[in-house]
Amino acid sequence: MGSMKPVKTNKAEEPELEPLCCCEYIDRNGEKNHVAACLCDCQDLDEGCDRWITCKSVQPETCERIMDTISDRLRIPWLRGAKKVNISIIPPLVLLPVFLRVASWHFLLGGVVLTSLPVLALWYYYLTHRRKEQTLFFLSLGLFSLGYMYYVFLQEVVPKGRVGPTQLALLTCGLFLILLALYRAKKNPGYLRNPASNDRPLSSGQTECLTRKGQEKTKGFPGAESSGSLNNRTLKDEPKGSSRVLVGSPTKVKEDWCAKCQLVRPARAWHCRICGICVRRMDHHCVWINSCVGESNHQAFILALSIFLLTSAYGITLTLDTICRDRSVFTALFYCPGVYADYSSALSFTCVWYSVIITAGMAYIFLIQLINISYNVTEREVQQALRQKTGRRLLCGLIVDTGQYNRGFLRNWYQFSTLGAHPFHHPAEDIV
C-alpha cells in the first residue's frame, strides 16, 4: 500500500506537467490561466469599479492589488506559454508620439507639453524610487526617444536635402555606438555574491532571480539607500543596520557586514535596496539603464553618456540648420520665423526642443560624474558625506570632496580608468 502512494501522486501531477499552449501561462498564484481570461475572476477590479461608479474612494491597497493583477495578466502569446509584458514600458511608447505631435500644433501647446513632460517624469521617478521598486519606464523612454527622434529625422529632415550622406552616416554610427555602450553598461555592475556560493559568474537569469529575491527581502526594510540616477544633492536616510569592522593586518581594507546579503563587503561597496543586492564600488542606481552603476560598468556608463551628448548635439545642429537656415544654433532655438507654418518643420522643431531638454539633463549628470571621478568619490559617498556633514562643499554644493580617497586629479582618473582590470590596493590611510 505504501508503494502505491507515489504512483497516485505522479498521476495527479501529470496534468500540471503538460506543455502550455501559446496562450496559456502560470499566474502568480501558481495556477494555469489563459490570455483570453484576462478580465475574468478579478474581485479587486470588480470592487474598484463598483466604488468608482458610486463615487466612493478606493483603498490604496486595493489599487496595488489591481495593478499587480493587471501586470501579471498582461501577456502576449508565445511559444511554450504566453510571455509577461512589463506594463511600465507601454506608456512611453504611446504617450511620447502623441504629446510631441500635439505640441507641434502651436508654440503655446509646445511650451505646455514640453514643460509638463519633465515634471511628469520627475513625479514618476520619485514615486517609484520611494517605493524602492525597479521600473523599465525610463529605459523604455530613453530607447524609444532615441528611435523616435531618428525616425523623425529620417522622415522630416533628410528629405529636405540639406543633410548629406556622410552626415547621415555619422549620426547613424553615433546611434549604434550609444546602443552598444548601453548594452555594456547594462551588464553586471559588480555584484557581490555570498562566499558560500560557487565562483562561477552570474548569468542574466541568476541576476534577475537575485534581484527579485532581494526586493522581497528588503521591501519595507530600512536598509542601505542607493542614490538616484538624477544625482539630486539632497540628504537621504542612512541605514540603521549593524555593521562591523574586521580588524586584521594593516593591508586589509575596512569591510562591512551586510545582514541582507549575508556577506562581508569591501570598502566602497553598498547594498542597493532597488536591486536587492550588494554592488562593488557602487556609485548609484540609474533608472535610465534600470541597473546599478558600479565598479564593472562605470566606465561604460560614462562612455554612453559622452557618446549620447555628442550624437544628440550633432543631430540638433543638423536639424536646426535644415529648418532654420542662415541662423546660428542658439538663435534658431529661440527665434525661427515661420517654423509652425509647416507641420513637418513644426514637428522637427518640437523634437529638437525635446532633445535639448533631455540632453541638458544628461549633461548635468555627466558633469556631476566628471567631478566625482576627479575627486575620487562616488555619488553614494557624497550622499553620506552630506548627511554626516563630513564633506567639503564647493561651488554651492556642486562639488563635494570627502577627502577619504582623493589622491590627486591624475591618480584619481588613472584609478577610474583601471576599474575592473585588477583589484586596487588602497593606501594605508584608507584603512583606518
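Observations on the structure shown:
- Between amide H atoms placed 1.01 Å from N, distances below 5 Å from residue 286 occur with 291, 292, 293, all of them 5 or more places distant or on a separate chain.
- In terms of its C-alpha gyration tensor, region 58-155 comes out oblate, because a/c is 1.5 or above while a/b does not outweigh b/c.
- For the peptides 313-323, 329-339, the ranking by mean Cβ contacts within 10 Å, running from highest to lowest, is 313-323, 329-339.
- With a cut-off of 14 Å between beta carbons, the residues surrounding residue 289 carry a summed charge of +2, where Lys and Arg count +1 and Asp and Glu -1.
- Amide H contacts for residue 272 (H built 1.01 Å from N in the peptide plane; partners 5 or more residues away or on another chain; cut-off under 5 Å): 277, 278, 279.
- Neighbourhood net charge (14 Å Cβ-Cβ; Lys/Arg +1, Asp/Glu -1) for residue 366: -2
- Förster-model FRET efficiency, 35 Å R0, residue 325 and residue 413, C-beta, rounded to 0.05: 0.25
- To put it simply, the accessible area of region 376-422 at a 1.4 Å probe is 56 percent carbon and sulfur.
- Accessible surface area normalised per residue over region 292-401 is 42 Å², counting heavy atoms of protein chains with a 1.4 Å rolling probe.
- In this structure residue 325 has an accessible area near 120 Å², from a 1.4 Å probe over the protein heavy atoms.
- Of 132/187; 32/132; 56/84, those spanning more than 26 Å from alpha-carbon to alpha-carbon: 32/132; 56/84
The values are calculated or read from the model by the stated rules, or taken from the named source; none is laboratory data. Please read all numbers here as calculations on a predicted model, not as lab measurements. FYI the Cβ positions are ideal-geometry reconstructions off the backbone, even for glycines, and counts take in every protein chain you see. For the accessible areas, the whole protein counts, side chains as well, though only heavy atoms, and no ligand, DNA or RNA atoms are used. Shrake-Rupley method; radii C 1.70, N 1.55, O 1.52, S 1.80 Å.
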